[in-house]
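One structure is given below, encoded as structure tokens.
The values are calculated or read from the model by the stated rules, or taken from the named source; none is laboratory data. Source: prediction; values computed, not measured. Don't worry about glycine lacking a Cβ; one is built from the backbone with ideal geometry, like all the others, and counts go over all protein chains shown. Heads up: the accessible areas ignore ligands, DNA and RNA and are worked out on the full protein's heavy atoms, side chains in. Shrake-Rupley method; radii C 1.70, N 1.55, O 1.52, S 1.80 Å.
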Amino acid sequence: MLLAKNRLLELLEHLSTQARVYVPARLEVASLAGESTDSGTLSHFVQYAAGVQPDFELVNTTLPPKDMLFPQTQKMYRYGFDTDGVPYIDPIHDADEVVVFGLRSCDMASIDCMDQVFLTKGYEDEFYAPRRQKLLCVALACGQAAESCFCDSMGIDPNVAANADIQLVAGDEAFSLSAQTEKGQAALSQWQAFLSAGELPVAPAPTSCSLKVEANGLKDKLEQMYEHPLWEQISKKCLTCGTCTFVCPTCHCFDISQSNRMQMGERFRSWDSCMFFDYTEMAGHHNPRAAKMPRVRQRFMHKLCFFEERYGCSLCVGCGRCVAQCPVALDITVLIDQIGAAPLDEKQDVEGAVHAG
């Protein structure tokens, strides 16, 4: 099936009457520095509405789409006393029908990772599950890769998002659409008024990433490196600012807090970061990761080793957001290369491997 590019906005307008529709778009951002005001742009998946200009040329948005399933702040339940003085707890489930239009393969893979965390191993998160059930994922094949992209090194095809409901491929004048799930097939049957039969006259050339890493055997190597001096060396550079975790599409650490007013209140969860000192602080102020090095080690070991041990896939999808946004250029691709080059004999000098590249 084909969707003419000049009918895209018409389709999005139609869909927005039935569901919340999210598209990649650039946002103007103003920041204050002393007495001067600087403006810039960042990109994100934003709800389509009048005045929103989708930008499907973006390779990756600055911010990931995970907040559609795992909001940055999410109310969980209300509690208090009713008029008779009887205590109550009311869960808050606010899932709406959502269409995310223009996902890249790495972001679809990140949703697969989040599904593993929140929906498997005998556990189903009651707040995540209804949002996931009502989400339609429309993926767009990458026409090019950014300098920071390395998804194909992590086993992801930038040309096909395998688990997306609908796969889009952009041609010169139209998009080709193919359903990959029953939900996707049902959606295409409802979009017939905007579609036409046929195929793209010229298939786009496959996209590949210029940035490459060797991830084969990474988990097995890391299993032997928990006490390796490499971690102390790389942690010196880190600011523990948490930028990497907030732009990462798969990071899912959260904190739970509450807001109380008189005899009622609300409990909510908010994104947190394993890079922060107080994330692991316990009662009595004991903290198993009080120093910076264990926090840095935990982040990368979880991404590249622990998650794969538990779920069978890497928690890094190669989107390159952390590579692009880290203020001190603590590059995960360089770290992967360093891990590959690092000697397993802890007595050997790893200084050269740490600073290579």
Checked against (1) crowded, with 18+ Cβ neighbours inside 10 Å; (2) of a type outside the set (S, T, N, Q); (3) on the phi > 0 side of the Ramachandran plot, MET262 satisfies every condition except (1)
When (1) open to solvent by 20 Å² or more (accessible area, probe 1.4 Å); (2) in contact (Cβ under 8 Å) with a residue 40 or more places away in the chain; (3) touching a Gly at 6+ places or on another chain (Cβ under 9 Å) are applied to GLU309, the one that fails is (3)
Test for MET282: is it more than 23 Å from CYS316 (Cβ to Cβ) and either under 21 Å from the mean Cα position of the chain (by Cα) or surrounded by fewer than 12 Cβ atoms within 10 Å (Cβ to Cβ) (or both): yes
**Study point:** Some residue of the range 98-106 being surrounded by fewer than 21 Cβ atoms within 10 Å (Cβ to Cβ) and more than 15 Å from the chain's Cα centre (by Cα)
**Key:** yes
Flagged in the range 74-85 as open to solvent by 80 Å² or more (accessible area, probe 1.4 Å) and within 30 Å of THR62 (Cβ to Cβ), in numbering order, are LYS75
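Confirm whether TYR88 is of a type in the set (Phe, Trp, Tyr) and either surrounded by 13 or more Cβ atoms within 10 Å (Cβ to Cβ) or touching a helix residue (DSSP H, G or I) at 6+ places or on another chain (Cβ under 8 Å) (or both). Explain how you work it out, then say what you get.
Numbers: of a type in the set (Phe, Trp, Tyr): yes; either surrounded by 13 or more Cβ atoms within 10 Å (Cβ to Cβ) or touching a helix residue (DSSP H, G or I) at 6+ places or on another chain (Cβ under 8 Å) (or both): no.
For TYR88, the condition - of a type in the set (Phe, Trp, Tyr) and either surrounded by 13 or more Cβ atoms within 10 Å (Cβ to Cβ) or touching a helix residue (DSSP H, G or I) at 6+ places or on another chain (Cβ under 8 Å) (or both) - is not met.
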Reported set for the range 126-152 where residues are farther than 29 Å from ALA95 by Cα, surrounded by fewer than 19 Cβ atoms within 10 Å (Cβ to Cβ) and of a type in the set (Gly, Ala, Ser) is GLY143, ALA146
The number of residues in the range 172-190 that are crowded, with 17+ Cβ neighbours inside 10 Å and assigned to a loop (DSSP other than H, G, I, E, B) is 1
Flagged in the range 222-259 as open to solvent by less than 40 Å² (accessible area, probe 1.4 Å) and in a helix (DSSP H, G or I), in numbering order, are LEU222, LEU230, TRP231, ILE234, SER235, CYS244, THR245, VAL247
If I filter the range 285-306 for residues that are touching a Cys at 6+ places or on another chain (Cβ under 7 Å), open to solvent by 20 Å² or more (accessible area, probe 1.4 Å) and in contact (Cβ under 8 Å) with a residue 40 or more places away in the chain, do I get at least one hit? yes
